[in-house]
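Okay, structure first, notes after.
The values are calculated or read from the model by the stated rules, or taken from the named source; none is laboratory data. Treat the numbers as computed from the prediction; the structure is a model and nothing was measured. Note: ideal-geometry Cβ built from the backbone for every residue, glycine included; neighbour counts use all protein chains shown.
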Amino acid sequence: MNNEIYLLDCHELHSSELFGKAFSVISEERRKVTDKYRQEEDKVLSAGVGLLEYHVRGKHSELAEILRDETEKPYFSDRRNFVSISHAGDYAMLGISERPLGVDVEVFHHDHEIIIRHFFTADEKEYLDHCADRQKEFFELWSRKESYIKRNQPTDIRTFSVLEPEEGMEYLSYSFPGYSCVAYVDRSYSTVFQKLNISDIL
C-alpha cells in the first residue's frame, strides 16, 4: 500500500438530506462518535471523517475496522496498517499507510502569536521572524507539529522542531487558501493525495 492521503470538503453535509445519507453508510463506531457532538459543525466534520473511512475501506476490502483507543487515537483493529485523522473548518482529512503517519488540516485564524511564544522552539521562532507571510508559515509549521505528534506522540510539543523531518520521513504540504494541510509520512513509500467532494463518495 502507498501512503494514501484524502481530503474531503464537508460543507454539503449541512444539508439534512445528505447528512442522513452519510450517517446511513458510516460505521457504527463513527456513528457513536458523531452522536456525542452537540454542535452541528462538529457532527458534520465527524460524519465527513466517517465518509473517508467508508471510502478507503471500499477501495481496500482487506482493511480492518477503524477503532479508537482510550486517548481517541484511531487504529485498525487488526493493527496491520496505520491511520491518521484530522478535521477543521469545512474539511476532514484521513491518511492510511503500512507505516506510522500523521496528518493535520488547520483553518487560518489570527490568534497564533501566543502559540508561537509558548510552544515553538527557538529555531522555529527565528524562522518565522524572517518569513514574508508569517501567518501562512505559522500554520504550515503548526500542521507539521500536529502531524508529528499524531505519528510519534511526544509528551511536550516544545521539545522538538519541525523545520526538518526525521531521517526517512518527509512533510508533504497540500495547503490551499485559508488552510494548512500537511501529511508526515515515510518517504520510502509513494504518496497519493486526493481531494474529494461528497458526490465522489455518496
Original post:
Counting only residues that are closer than 16 Å to Pro74 by Cα, in a helix (DSSP H, G or I) and more than 18 Å from the chain's Cα centre (by Cα), how many does segment 19-59 have?
Top reply: 4
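Would you check which residues across segment 22-55 are without any contact (Cβ under 8 Å) to a residue 12 or more places away in the chain and basic (Lys, Arg) and list them?
Residues satisfying the conditions are Lys32, Lys36, Arg38.
State all residues of segment 144-177 that are more than 16 Å from the chain's Cα centre (by Cα) and assigned to a strand (DSSP E or B); if no residue qualifies, say none.
Quick first cut of segment 144-177, residues more than 16 Å from the chain's Cα centre (by Cα) only: 154-169, 177.
Hit for segment 144-177 is Met169, nothing else.
Select from segment 88-99 the residues that are surrounded by 17 or more Cβ atoms within 10 Å (Cβ to Cβ) and over 11 Å from the mean Cα position of the chain (by Cα) and list them in ascending order. Talk me through it step by step, then tell me what you get.
Step one: list which residues in segment 88-99 are surrounded by 17 or more Cβ atoms within 10 Å (Cβ to Cβ), which gives 88-97.
Answer for segment 88-99, where residues must be surrounded by 17 or more Cβ atoms within 10 Å (Cβ to Cβ) and over 11 Å from the mean Cα position of the chain (by Cα): Gly89, Asp90, Ser97.
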**OP:** Residue by residue through segment 50-69, note down the ones that are of a type in the set (D, E, K, R), at pLDDT below 95 and closer than 15 Å to Lys32 by Cβ.
**Re:** Glu65, Arg68, Asp69
Original post:
Using beta carbons and a limit of 9 Å, which pairs, at least six apart or on different chains, have the first residue in segment 2-21 and without any contact (Cβ under 8 Å) to a residue 24 or more places away in the chain and more than 17 Å from Ala88 (Cβ to Cβ) and the second one of a type in the set (Ser, Thr, Tyr) and in a loop (DSSP other than H, G, I, E, B)?
Top reply: none
**OP:** Take the residues in segment 178-202 that are part of a loop (DSSP other than H, G, I, E, B) and not polar (S, T, N, Q), then tell me which one is surrounded by the fewest Cβ atoms within 10 Å (Cβ to Cβ).
**Re:** Gly178
Subject >> Unmet requirement for Val56, which otherwise passes all of (1) β-branched (Val, Ile, Thr); (2) within 23 Å of Asp186 (Cβ to Cβ); (3) touching a Gly at 6+ places or on another chain (Cβ under 9 Å) >> reply: (3)
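Give segment 32-57 a look and list any residue that's surrounded by 16 or more Cβ atoms within 10 Å (Cβ to Cβ) and either farther than 21 Å from Phe82 by Cα or among the aliphatic types (A, V, I, L, M) (or both), or say none.
Initially, segment 32-57 is screened for residues surrounded by 16 or more Cβ atoms within 10 Å (Cβ to Cβ), giving 33-34, 43-57.
Result: Val33, Thr34, Lys43, Val44, Leu45, Ala47, Val49, Leu51, Leu52, Val56.
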